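Working notes, beginning with the structure itself.
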Amino acid sequence: MTATTINEETLRSTITQILSSNDEIDDDLISYLIGMISDSDTFSLSSLSSMAADDEDSELFASISPFLESYSVDNSCILSICNQVRDMAIGLTGGSSNADGNGNASNANANTN
């Protein structure tokens, strides 16, 4: 059976790890972000997996950055979350994205087998 959404526990672990240095981030914000990202009505796996790496113009970045910026999270951390979500989506769809010309999508898939 093919997954249709990103695993929320994996997503929680990833986001928590990236934001671990920010003491202002609480569990409610992380839960909100997870709900937003994992909601297939908001973001399909296909749209997440085809998102370009390090893209501040992506729909995901535009959706989560206002919340994170209000907690003084810098763009590099927000992009890191976006890239990790993208890599998870690529792993679940079994596809790769040509948007990232440096091979990261291929490496993400190689590690899922």
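Quick check on my filter: what residues within the range 82-96 are open to solvent by 60 Å² or more (accessible area, probe 1.4 Å), of a type in the set (S, T, N, Q) and either out of contact with any Leu (no Cβ under 9 Å at 6 or more places or on another chain) or at pLDDT 90 or above (or both)?
Within the range 82-96, 84, 96 qualify.
Of the conditions (1) outside any helix (DSSP H, G or I); (2) open to solvent by 30 Å² or more (accessible area, probe 1.4 Å), residue 73 fails just one. Which one is it?
Failed condition: (2).
Residue 79 versus (1) modelled with pLDDT of 90 or more; (2) open to solvent by less than 30 Å² (accessible area, probe 1.4 Å); (3) over 12 Å from the mean Cα position of the chain (by Cα): which is the lone unmet condition?
Evaluating residue 79 over (1) modelled with pLDDT of 90 or more; (2) open to solvent by less than 30 Å² (accessible area, probe 1.4 Å); (3) over 12 Å from the mean Cα position of the chain (by Cα) leaves (3) as the failure.
Just checking, how many residues over the range 43-70 are in a loop (DSSP other than H, G, I, E, B) and either open to solvent by less than 60 Å² (accessible area, probe 1.4 Å) or within 19 Å of residue 13 (Cα to Cα) (or both)?
7
Take the range 25-42 and flag every residue that is charged (D, E, K, R) and either within 18 Å of residue 92 (Cβ to Cβ) or surrounded by 12 or more Cβ atoms within 10 Å (Cβ to Cβ) (or both).
Correct list: 39, 41.
Being open to solvent by less than 30 Å² (accessible area, probe 1.4 Å) and modelled with pLDDT of 90 or more is the filter here, so list the residues in the range 1-24 that pass it.
Within the range 1-24, 11, 14, 15, 19 meet the criteria.
Would you mention how many residues in the range 8-53 are in contact (Cβ under 8 Å) with a residue 60 or more places away in the chain and closer than 14 Å to residue 86 by Cα?
Here the count works out to 4.
The values are calculated or read from the model by the stated rules, or taken from the named source; none is laboratory data. What you are looking at is a predicted structure, and each value in this text was computed from that prediction instead of being measured. Heads up, the Cβs are rebuilt from the backbone with ideal geometry, glycines too, and the neighbour counts pull from every protein chain shown. Calculation scope for accessible area: heavy atoms of the full protein, side chains included, ligands and nucleic acids excluded. Shrake-Rupley method; radii C 1.70, N 1.55, O 1.52, S 1.80 Å.
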